[in-house]
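Accompanying notes for the structure given below.
No lab work stands behind these numbers, since they all come straight from the coordinates. Bear in mind the structure is a predicted one, so any value in this text is a computation, not a measurement. Don't worry about glycine lacking a Cβ; one is built from the backbone with ideal geometry, like all the others, and counts go over all protein chains shown.
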Amino acid sequence: MTAMHFFASFKSKMADGTVRDGNERGFYNFVESLRTLLIGIQNLNTQDVSVDYFERANLRLEDAILTLQLLLHSVWQSEDSFLQDFKTIVEAVLTKVRLVFRVMTKYEERNSVEATVSNSFACPTTKLTGAGRPVIVIEREQIEFLRELHFSWVKIASLLGISESTLRRRRRELNLNDDSENWTALTGA
């Protein structure tokens, strides 16, 4: 299709309203999608949400910001009073969406760091060939290192992602004593 045919086709579609209807429908869908996203974020229970949700939400927010910026740019030079009001509304929405994006990004980063820290000491598992639970691999050096940092046994179990009873059993197997006698006891005197 040549450029002349394209423009002639575009002009005839504009005349019968096909392109205009499509643009209005697209704009309506965009606004509805943004509204749904913002309501979902507003009603978010952050403890039940994965980092993946934040990544997807932030991608959608980034797309919305770009779309709003394009929309704002397209009406920026207009002197039409209706478009001036529209421009003011779009600027306000853009400001709010940017704020939500910054907050969501910070929360995503914080959760990502917390997930990395909480999983950095987690014990690997090996699958047995038969039935049963996977075997948790707990190294002597791992336990000794965390204990040298003066973590309690409860905290060590939590960092390793195992129960306290599993840690006690593994300590017995490795002949690791409770080294609390090496610590100074504080007295009230």
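Sort 57-64, 97-104 by the packing proxy (mean of other Cβ within 10 Å over each peptide's residues), most packed first.
Numbers: 57-64: 17.2, 97-104: 15.5.
Descending packing order for the listed peptides: 57-64, 97-104.
Sort 76-88, 29-41 by the packing proxy (mean of other Cβ within 10 Å over each peptide's residues), most packed first. Please report the intermediate quantities before stating the final value.
On the way: 76-88: 10.8, 29-41: 13.5.
Most protected by this proxy first, the peptides run 29-41, 76-88.
Between LYS96 and LYS155, how high is the FRET efficiency from 1/(1 + (r/R0)^6) when r is the Cβ-Cβ distance and R₀ = 41 Å? Nearest 0.05. Before the final figure, lay out each step's value.
On the way: r = 41 Å, r/R0 = 1.00.
My answer for the efficiency is 0.50.
Which distance in nm do the two modelled labels at TYR28 and ASP80 give, with both placed 7 Å along the Cα-to-Cβ direction?
1.9
Considering every pair of different Cα atoms, what Kirkwood radius, in Å, is found for region 125-180? Spell out each step's value before the answer.
Working: mean 1/r = 0.0834 Å⁻¹.
Taking every pair of different Cα atoms in region 125-180, averaging 1/r and inverting gives 12.0 Å.
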